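These notes concern the structure reproduced below.
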Amino acid sequence: MYRLIAIDLDGTLLNSYGEVSEENMKAIEKAKKEGIEIVLTSGRMSTSVLSIAEEIGANNYIISGNGALIYDLKKDEILYNQCISKEKVLKIIRICEENSIYYTINTEKYIISKSLNYGLMYYYYENSKKAENKKTKINIVEDVEKYIKENDVGEVTKITISDTSKVIFTGITKKLSLVKGINILEVSNMSRKIIKEGTEETKIQYFYTEITKENVNKWKAIEELTKTIGIEQKEIVAIGDNVNDLDMIMNAGLRHSYGK
């Protein structure tokens, strides 16, 4: 018998418009009636994951930042924390700035960037459909490095870099791979999202990768959570669509992936 379902968000639970389909909602309700724990496991920050968890009634635990954090929703506390040190964050920022590459800093408070672009533009669009207390907070600043040095930005779960040119993108990932103590997600596909305004649709396509602390992934976070709630590996179902889901998909008792 399966007792826990770990579900990725973007490209899996959510459609291209960032919505939970009626079909997925019905499947979740059925699982919950059978006493199965639903745990959202996402690269997003906790506040963004939380709004979707509330929507589907997954009210116990969430995993955010590609496995950097486990959050206990009932106790309102972090159970597991594997975030990037400030020293490493500043080093990565300098590399991105020196090579004119777009990046965002994902913290537990907000997403920090110099401009709205790529995936951040999609989050901005999502916010237009959400209540104020459920919006993903975005902080646009002129000098990200200076801002982080001078302010308490909270835990940094991941850093995202993006570009429309595969040549430029590949070059920057090679330089970042020389930084010790971090993990760079190997993403070969373009990210494709759709922003819908009335009858008009805008497609956003770009190459991206996500940087976390070394040895951080969704499966390690799931393992830590199962120690707390007493669920065995064979009792876990994992559903995902991308390389950041691979570890949990390969290790779960039952796995399912959606190829792009």
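The values are calculated or read from the model by the stated rules, or taken from the named source; none is laboratory data. All values derive from a computational prediction rather than experimental measurement. Cβ sites come from the backbone with ideal geometry, for glycine too, and all protein chains shown count toward neighbours.
Selection within segment 6-60: residues that are under 25 Å from Ile159 (Cα atoms) and out of contact with any strand residue (DSSP E or B) (no Cβ under 7 Å at 6 or more places or on another chain). The member of this set that is surrounded by the fewest Cβ atoms within 10 Å (Cβ to Cβ) is Asn15.
Restricting Ile95, Ile111 to residues that are of a type in the set (A, V, I, L, M), within 24 Å of Tyr206 (Cα to Cα) and under 18 Å from the mean Cα position of the chain (by Cα) narrows the list to Ile111. Within segment 108-125, the set of residues being surrounded by fewer than 20 Cβ atoms within 10 Å (Cβ to Cβ) and either out of contact with any strand residue (DSSP E or B) (no Cβ under 8 Å at 6 or more places or on another chain) or not in a helix (DSSP H, G or I) (or both) comprises Lys109, Tyr110, Lys114, Ser115, Leu116, Asn117. Might you let me know whether segment 161-174 holds any residue that is closer than 28 Å to Leu50 by Cα, assigned by TED's automatic domain parsing to the domain that holds Leu90 and at pLDDT 95 or above? No, every residue in segment 161-174 fails to be closer than 28 Å to Leu50 by Cα, assigned by TED's automatic domain parsing to the domain that holds Leu90 and at pLDDT 95 or above. With respect to the conditions (1) part of a helix (DSSP H, G or I); (2) out of contact with any helix residue (DSSP H, G or I) (no Cβ under 9 Å at 6 or more places or on another chain); (3) charged (D, E, K, R), Asp152 falls short on a single one, namely (1).
For Lys234, the conditions (1) touching a residue at least 60 places away in the same chain (Cβ under 8 Å); (2) farther than 21 Å from Leu13 by Cα are fulfilled apart from (1).
Name the residue that is surrounded by the most Cβ atoms within 10 Å (Cβ to Cβ), counting only residues in segment 220-234 that are touching a Gly at 6+ places or on another chain (Cβ under 7 Å) and at pLDDT 95 or above. Per the criteria, the residue is Ala221.
Looking only at segment 103-159, residues that are within 24 Å of Thr41 (Cβ to Cβ) and either of a type in the set (Lys, Arg) or in the same structural domain as Ser64 (by TED's automatic domain parsing) (or both) come to 7 in all.
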